[in-house]
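The values are calculated or read from the model by the stated rules, or taken from the named source; none is laboratory data. Here the structure is a predicted model, which is why all the values come from computation and not from measurement. Glycine gets a Cβ as well: all are built from the backbone with ideal geometry, and neighbour counts include every protein chain shown. Each accessible area value is taken on the protein alone, full model and side chains, heavy atoms only, with ligands, DNA and RNA left out. Shrake-Rupley method; radii C 1.70, N 1.55, O 1.52, S 1.80 Å.
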Amino acid sequence: MVLAFLAVVGWLLRMKLEESLHANLKSVLQTTLHAEREAVRNWTRMQQNIASAMVTSQLEETIRSLLANATPNATTLELLSLPQAAELRRVLSPQVEAHKYNGYVIMEKSGRITASNHDRLVGVVLKGPEMDFVREKVLVEKPMMLPPIKSIVEIPDRKGVERTGVPVMYASAPIRNELGEVVAVLGLRIQPEV
(Lines give C-alpha, C1' and ligand atoms only; values in the text may rest on other atoms or scores of the structure.)
Protein backbone atom coordinates (compact mmCIF):
# COMPACT_ATOMS: atom_id res chain seq x y z
CA MET A 1 0.00 0.00 0.00
CA VAL A 2 2.79 2.38 0.96
CA LEU A 3 4.61 1.49 -2.21
CA ALA A 4 1.57 2.30 -4.32
CA PHE A 5 1.13 5.59 -2.46
CA LEU A 6 4.79 6.51 -3.08
CA ALA A 7 4.44 5.59 -6.74
CA VAL A 8 1.40 7.86 -7.13
CA VAL A 9 3.15 10.72 -5.29
CA GLY A 10 6.26 10.22 -7.43
CA TRP A 11 4.20 10.20 -10.61
CA LEU A 12 2.38 13.42 -9.54
CA LEU A 13 5.66 15.13 -8.67
CA ARG A 14 7.12 14.12 -12.02
CA MET A 15 4.07 15.50 -13.86
CA LYS A 16 4.31 18.81 -11.94
CA LEU A 17 8.05 19.02 -12.61
CA GLU A 18 7.55 18.37 -16.35
CA GLU A 19 4.75 20.93 -16.42
CA SER A 20 7.00 23.47 -14.70
CA LEU A 21 9.90 22.73 -17.07
CA HIS A 22 7.65 23.10 -20.13
CA ALA A 23 6.29 26.41 -18.83
CA ASN A 24 9.81 27.70 -18.12
CA LEU A 25 11.06 26.58 -21.53
CA LYS A 26 8.08 28.19 -23.25
CA SER A 27 8.72 31.44 -21.39
CA VAL A 28 12.43 31.43 -22.29
CA LEU A 29 11.70 30.70 -25.95
CA GLN A 30 9.03 33.44 -26.12
CA THR A 31 11.42 35.95 -24.54
CA THR A 32 14.17 34.95 -26.96
CA LEU A 33 11.78 35.21 -29.91
CA HIS A 34 10.64 38.69 -28.88
CA ALA A 35 14.23 39.82 -28.32
CA GLU A 36 15.35 38.46 -31.71
CA ARG A 37 12.35 40.00 -33.48
CA GLU A 38 13.07 43.38 -31.89
CA ALA A 39 16.77 43.09 -32.78
CA VAL A 40 15.86 42.47 -36.45
CA ARG A 41 13.45 45.43 -36.40
CA ASN A 42 16.13 47.68 -34.90
CA TRP A 43 18.72 46.47 -37.42
CA THR A 44 16.28 47.08 -40.27
CA ARG A 45 15.51 50.61 -39.06
CA MET A 46 19.24 51.28 -38.70
CA GLN A 47 19.90 50.14 -42.31
CA GLN A 48 17.06 52.33 -43.58
CA ASN A 49 18.39 55.30 -41.61
CA ILE A 50 21.91 54.80 -42.97
CA ALA A 51 20.61 54.64 -46.56
CA SER A 52 18.49 57.73 -45.98
CA ALA A 53 21.37 59.64 -44.37
CA MET A 54 23.63 58.90 -47.36
CA VAL A 55 21.17 60.67 -49.68
CA THR A 56 22.32 64.24 -49.15
CA SER A 57 21.23 67.09 -51.39
CA GLN A 58 24.69 67.04 -53.00
CA LEU A 59 24.40 63.30 -53.72
CA GLU A 60 20.91 63.77 -55.18
CA GLU A 61 22.24 66.56 -57.39
CA THR A 62 25.06 64.32 -58.65
CA ILE A 63 22.63 61.48 -59.34
CA ARG A 64 20.18 63.77 -61.15
CA SER A 65 23.08 65.00 -63.29
CA LEU A 66 24.09 61.39 -63.98
CA LEU A 67 20.54 60.54 -65.04
CA ALA A 68 20.36 63.61 -67.29
CA ASN A 69 23.60 62.60 -69.05
CA ALA A 70 22.84 58.87 -69.26
CA THR A 71 21.09 58.50 -72.58
CA PRO A 72 18.54 55.66 -72.81
CA ASN A 73 20.74 53.69 -75.24
CA ALA A 74 24.04 54.34 -73.44
CA THR A 75 26.35 51.36 -73.30
CA THR A 76 27.90 50.12 -70.07
CA LEU A 77 31.20 51.70 -71.09
CA GLU A 78 29.52 55.05 -71.76
CA LEU A 79 27.75 54.94 -68.38
CA LEU A 80 30.99 54.04 -66.61
CA SER A 81 32.84 56.89 -68.31
CA LEU A 82 30.42 59.60 -67.15
CA PRO A 83 32.15 61.97 -64.69
CA GLN A 84 29.17 61.70 -62.34
CA ALA A 85 29.74 57.93 -62.05
CA ALA A 86 33.31 58.59 -60.92
CA GLU A 87 32.08 61.22 -58.47
CA LEU A 88 29.57 58.77 -57.01
CA ARG A 89 32.30 56.18 -56.51
CA ARG A 90 34.47 58.78 -54.81
CA VAL A 91 31.68 59.87 -52.47
CA LEU A 92 29.93 56.56 -51.79
CA SER A 93 32.81 54.07 -51.64
CA PRO A 94 34.16 55.24 -48.25
CA GLN A 95 30.65 55.21 -46.77
CA VAL A 96 29.88 51.78 -48.22
CA GLU A 97 33.12 50.46 -46.75
CA ALA A 98 32.61 52.16 -43.37
CA HIS A 99 29.18 50.57 -42.97
CA LYS A 100 30.41 47.20 -44.29
CA TYR A 101 28.06 47.05 -47.27
CA ASN A 102 29.03 44.92 -50.26
CA GLY A 103 28.38 47.71 -52.72
CA TYR A 104 25.85 50.16 -54.06
CA VAL A 105 23.64 50.64 -57.09
CA ILE A 106 21.82 53.62 -58.52
CA MET A 107 18.72 52.41 -60.35
CA GLU A 108 16.51 54.53 -62.56
CA LYS A 109 12.73 54.17 -62.60
CA SER A 110 13.10 52.26 -65.88
CA GLY A 111 14.95 49.52 -64.01
CA ARG A 112 18.37 50.30 -65.49
CA ILE A 113 21.30 50.32 -63.10
CA THR A 114 23.02 53.55 -64.05
CA ALA A 115 25.88 53.43 -61.57
CA SER A 116 27.46 50.90 -59.22
CA ASN A 117 30.76 50.17 -57.59
CA HIS A 118 30.65 46.82 -59.46
CA ASP A 119 31.15 47.56 -63.17
CA ARG A 120 29.30 44.43 -64.35
CA LEU A 121 26.06 45.72 -62.79
CA VAL A 122 26.15 49.01 -64.72
CA GLY A 123 23.75 48.97 -67.64
CA VAL A 124 21.81 45.92 -66.42
CA VAL A 125 18.07 46.44 -66.81
CA LEU A 126 15.69 44.61 -64.52
CA LYS A 127 12.68 43.12 -66.28
CA GLY A 128 9.72 40.91 -65.46
CA PRO A 129 9.07 39.88 -61.87
CA GLU A 130 12.22 41.58 -60.58
CA MET A 131 11.12 44.91 -62.05
CA ASP A 132 7.57 44.48 -60.77
CA PHE A 133 9.03 43.97 -57.31
CA VAL A 134 11.23 47.04 -57.69
CA ARG A 135 8.31 49.16 -58.85
CA GLU A 136 6.10 48.05 -55.95
CA LYS A 137 8.64 47.93 -53.15
CA VAL A 138 11.73 49.96 -54.01
CA LEU A 139 10.67 52.98 -56.02
CA VAL A 140 8.51 54.29 -53.21
CA GLU A 141 8.50 57.42 -51.12
CA LYS A 142 10.53 56.13 -48.19
CA PRO A 143 13.64 54.13 -47.32
CA MET A 144 13.12 50.37 -47.50
CA MET A 145 14.87 47.19 -46.46
CA LEU A 146 14.40 44.54 -49.11
CA PRO A 147 14.21 40.83 -48.29
CA PRO A 148 16.93 38.54 -49.64
CA ILE A 149 16.88 37.90 -53.40
CA LYS A 150 19.22 36.00 -55.71
CA SER A 151 21.76 38.10 -57.61
CA ILE A 152 21.15 38.21 -61.34
CA VAL A 153 24.78 38.90 -62.19
CA GLU A 154 27.96 37.30 -60.93
CA ILE A 155 29.12 38.71 -57.61
CA PRO A 156 31.47 37.26 -55.01
CA ASP A 157 29.87 34.91 -52.50
CA ARG A 158 31.10 34.66 -48.90
CA LYS A 159 34.04 32.52 -50.07
CA GLY A 160 34.98 35.05 -52.76
CA VAL A 161 33.76 32.86 -55.66
CA GLU A 162 32.05 34.91 -58.38
CA ARG A 163 28.67 33.44 -59.31
CA THR A 164 25.03 34.31 -59.94
CA GLY A 165 22.33 33.43 -57.45
CA VAL A 166 24.23 34.77 -54.44
CA PRO A 167 21.73 35.92 -51.80
CA VAL A 168 21.67 39.72 -51.49
CA MET A 169 19.56 42.27 -49.66
CA TYR A 170 19.34 45.99 -50.22
CA ALA A 171 18.80 48.91 -47.91
CA SER A 172 17.39 51.53 -50.23
CA ALA A 173 16.51 55.20 -50.22
CA PRO A 174 14.67 57.22 -52.86
CA ILE A 175 16.40 59.82 -55.05
CA ARG A 176 14.13 62.74 -55.87
CA ASN A 177 14.07 65.36 -58.58
CA GLU A 178 13.66 69.07 -57.92
CA LEU A 179 9.87 68.58 -57.65
CA GLY A 180 10.25 65.90 -54.98
CA GLU A 181 9.29 63.01 -57.27
CA VAL A 182 11.19 59.73 -56.99
CA VAL A 183 13.38 59.34 -60.10
CA ALA A 184 15.83 56.70 -58.90
CA VAL A 185 16.89 54.72 -55.89
CA LEU A 186 20.14 54.24 -54.01
CA GLY A 187 20.54 50.59 -53.05
CA LEU A 188 23.15 49.49 -50.54
CA ARG A 189 23.92 45.80 -50.99
CA ILE A 190 24.09 43.50 -47.97
CA GLN A 191 24.94 39.83 -48.17
CA PRO A 192 22.66 38.27 -45.52
CA GLU A 193 24.91 35.24 -45.09
CA VAL A 194 27.90 37.34 -44.06
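Give just the number: which of (1) open to solvent by 30 Å² or more (accessible area, probe 1.4 Å); (2) aromatic (F, W, Y); (3) modelled with pLDDT of 90 or more does Y170 not satisfy? That leaves (3) as the condition not met. The single condition among (1) open to solvent by 40 Å² or more (accessible area, probe 1.4 Å); (2) under 23 Å from V140 (Cβ atoms); (3) in a helix (DSSP H, G or I) that Q47 does not meet is (1).
Remark: pairs (first residue in the range 61-72, surrounded by 20 or more Cβ atoms within 10 Å (Cβ to Cβ); second residue of a type in the set (K, R); Cβ separation under 9 Å; 6+ apart in sequence or on different chains) = A70/R112.
Going by the structure shown, is T31 without any contact (Cβ under 8 Å) to a residue 12 or more places away in the chain and either open to solvent by less than 60 Å² (accessible area, probe 1.4 Å) or not small (G, A, S) (or both)? Give the steps one after another, and end with the answer.
Values: without any contact (Cβ under 8 Å) to a residue 12 or more places away in the chain: yes; either open to solvent by less than 60 Å² (accessible area, probe 1.4 Å) or not small (G, A, S) (or both): yes.
For T31, the condition - without any contact (Cβ under 8 Å) to a residue 12 or more places away in the chain and either open to solvent by less than 60 Å² (accessible area, probe 1.4 Å) or not small (G, A, S) (or both) - is met.
Pairs are defined by a Cβ separation below 7 Å, a sequence spacing of at least 6 or placement on different chains, a first member in the range 171-185 that is free of Cβ contacts under 8 Å to residues at least 24 places away in the same chain, and a second member that is open to solvent by less than 10 Å² (accessible area, probe 1.4 Å); no pair meets this definition.
Results for (1) open to solvent by 60 Å² or more (accessible area, probe 1.4 Å); (2) modelled with pLDDT of 90 or more; (3) in contact with a strand residue (DSSP E or B) (Cβ under 7 Å, 6 or more places away or on another chain), shown as yes or no for each residue.
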residue	(1), (2), (3)
P94	yes, yes, no
E97	yes, yes, no
R158	yes, no, no
V183	no, yes, yes
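Just a yes or no: is a residue in the range 102-124 open to solvent by 20 Å² or more (accessible area, probe 1.4 Å), touching a residue at least 12 places away in the same chain (Cβ under 8 Å), in contact with a helix residue (DSSP H, G or I) (Cβ under 7 Å, 6 or more places away or on another chain) and within 18 Å of S52 (Cα to Cα)?
Step one: filter the range 102-124 for residues open to solvent by 20 Å² or more (accessible area, probe 1.4 Å), giving 102, 108-110, 117-120, 123-124.
After this cut, where a residue has to be touching a residue at least 12 places away in the same chain (Cβ under 8 Å) as well, the list is 102, 108-110, 117-120, 123-124.
Subset that is in contact with a helix residue (DSSP H, G or I) (Cβ under 7 Å, 6 or more places away or on another chain): 108, 117, 119, 123.
If we keep only those that are within 18 Å of S52 (Cα to Cα) too, we end up with 108.
There is at least one residue in the range 102-124 that is open to solvent by 20 Å² or more (accessible area, probe 1.4 Å), touching a residue at least 12 places away in the same chain (Cβ under 8 Å), in contact with a helix residue (DSSP H, G or I) (Cβ under 7 Å, 6 or more places away or on another chain) and within 18 Å of S52 (Cα to Cα).
Filtered by the rule that a residue be under 9 Å from V122 (Cα atoms) and out of contact with any Gly (no Cβ under 8 Å at 6 or more places or on another chain), the range 71-87 gives L77, L80. Selection of the range 97-112 for residues being in contact with a Leu (Cβ under 7 Å, 6 or more places away or on another chain) and over 20 Å from V183 (Cα atoms) yields only Y101. Could you check the range 73-92 and list, in sequence order, the residues that are part of a loop (DSSP other than H, G, I, E, B) and either within 15 Å of I190 (Cα to Cα) or open to solvent by less than 50 Å² (accessible area, probe 1.4 Å) (or both)? The answer is A74, L82.
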